[in-house]
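Worksheet: one structure, shown below.
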Amino acid sequence: MAMEGPARRRIQVAEHPRLLKLKEIFNSKFGSIPKFYVRAPGRVNIIGEHIDYCGYSVLPMAVEQDMLIAVEPVKTHTLQLANTNPLYPDFSTSANNIQIDRTNPLWHNYFLCGFKGIQEHFGLSNLTGMNCLVDGNIPPSSGLSSSSALVCCAGLVTLTVLGMNLSKVELAEICAKSERYIGTEGGGMDQSISFLAEEGTAKLIEFSPLRATDVKLPSGAVFVIANSCVEMNKAATSHFNVRVMECRLAAKLLAKYKSLQWDKVLRLEEVQTELGISLEEMLLVTEDALHSEPYSPEEICKCLGISLEELRTQILSPNTQDVLIFKLYQRAKHVYSEAARVLQFKKICEEAPDNIVQLLGELMNQSHKSCRDMYECSCPELDQLVDICRKFGAPGSRLTGAGWGGCTVSIVPADKLPSFLANVQEAYYQRSNRSLAPEKQSLFVTKPGGGALVFLEA
């Protein structure tokens, strides 16, 4: 399945209102009609937060909200990008000289990441141009991977224009790597689920080598996404990359403590694998090796026996060189405990005990507590929203995505759903006067959707 490329479907555009509208706007903008369309979905991560870039498995599902791009290859070498949303201005550039501005994560830069990733993978210099019209209905900066969906969609657009073939796994790996052009050091979950998702099932996504396994969610419950309406852009703030670096430093100190080759170690998972011990034992090693007080750059240097200059130039990334405190113990504790919760979640789904919804809910609650207290990636609005969701009948609720804003995901017994939606709506959105504009899609039930596709007009 994963070794195949994304599916191509012949469809009647007239029967799909969103595609038809896109075709009409495309025609009025470019004076021609699209040759094909590509969609790539956003995702909700059910459990396993901030651990993909540490090498650990995660458990997301694709949502039905997606990025949709109408495409027409052109003979010139110009890439023309437009967006159906007037908030996102048109952009054009030479296809042969792609510059991605890290200092300013504008929407078109995410498209350029996917474009450039495919271009570089095939080592191509003389690229054909294209006209593209983008239409996204994933709420932006909400933790549902709108930006990764755009990177993936652009990668698949470029591949299709070139007439080349890649497997879903290869595409996911290229797009995960190319999103780093924008300065986000993510781990690859978002791109993997966008390509590897299948309707009706969540996926356990494992890394190096990348693979996806079906996880059957309980039939008696639904997952509900609620948007805190606090926006968080990973590429525009340093929180995310500081956490990536704290995990890297924690891995190095743990490796040094255990007399491993610490200078080769980049991820917390590598330390566990080298030692050949369980996640539970890794938590005990963390207790012994790291102290709960924050570390200064000087203390890290002393532990590793290196100079400040070496720390800055050889280990820290450019955007973390001025950080003065690193909470290594807390970050490592979150990662190892969260990695264990992911595996427990999958095991419970497989065994399907009578109290499955309660058990999964408890794991989700533990995950939120760890994100809030140990990883410090929550915010007051998310904590309030999680409390409201639990109060009105969710056995489990947690932040999803990077955090610091964005969405929560809650598991809700199907019979409690109508009252849950009405009460959360009232308690969080109406009471606090938060915008419930339809495009915010603040509160909705989600089912596991399918992955990225190419549509051709029949």
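Overview of values
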{"quantity": "Trypsin sites (Lys or Arg not before Pro) within the range 201-239: DSSP coil, no more than 14 neighbouring Cβ in 10 Å", "calculated": "216"}
{"quantity": "Cα gyration tensor, the range 195-292 - rounded (a/c under 1.5), prolate or oblate", "calculated": "prolate"}
{"quantity": "Centre separation in Å (Cα based) which lies between the range 39-106 and the range 358-413", "calculated": "27"}
{"quantity": "Over 28 Å between alpha carbons, listed pairs 168/327; 75/116; 177/203", "calculated": "168/327"}
{"quantity": "Per residue accessible area of the range 292-420, 1.4 Å probe, in Å²", "calculated": "42"}
{"quantity": "For peptides 312-324, 161-173, sequence by mean Cβ density within 10 Å, most packed first", "calculated": "161-173, 312-324"}
{"quantity": "The chain, accessible surface, carbon-and-sulfur percent (1.4 angstrom probe)", "calculated": "50"}
{"quantity": "Per DSSP, loop GluC sites (Glu not before Pro) in the range 1-95 with at most 16 further Cβ within 10 Å", "calculated": "4"}
{"quantity": "Dipole magnitude of the chain about its Cα centre (Cβ charges: Lys, Arg +1; Asp, Glu -1), debye to nearest 20", "calculated": "860"}
{"quantity": "Those residues of the range 273-306 whose amide nitrogen sits under 15 Å from the label point placed on residue 259, 7 Å along Cα→Cβ", "calculated": "275"}
{"quantity": "Alpha-carbon centroids, the range 150-186 and the range 306-353: separation in whole Å", "calculated": "25"}
{"quantity": "Per residue accessible area in Å² of the range 149-262, where ligands, DNA and RNA are left out and the probe is 1.4 Å", "calculated": "33"}
{"quantity": "Low-density loop positions, GluC sites (Glu not before Pro), the range 322-410 - DSSP coil, at most 12 other Cβ in 10 Å", "calculated": "none"}
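The values are calculated or read from the model by the stated rules, or taken from the named source; none is laboratory data. Predicted, not measured: the structure shown is a model, and the values here were computed from it. With ideal geometry, Cβ positions are generated from the backbone for all residues, glycine too; neighbour counts draw on all protein chains shown. Please note that ligands, DNA and RNA were not included when accessible areas were found on the heavy atoms of the full protein model with its side chains. Shrake-Rupley method; radii C 1.70, N 1.55, O 1.52, S 1.80 Å.
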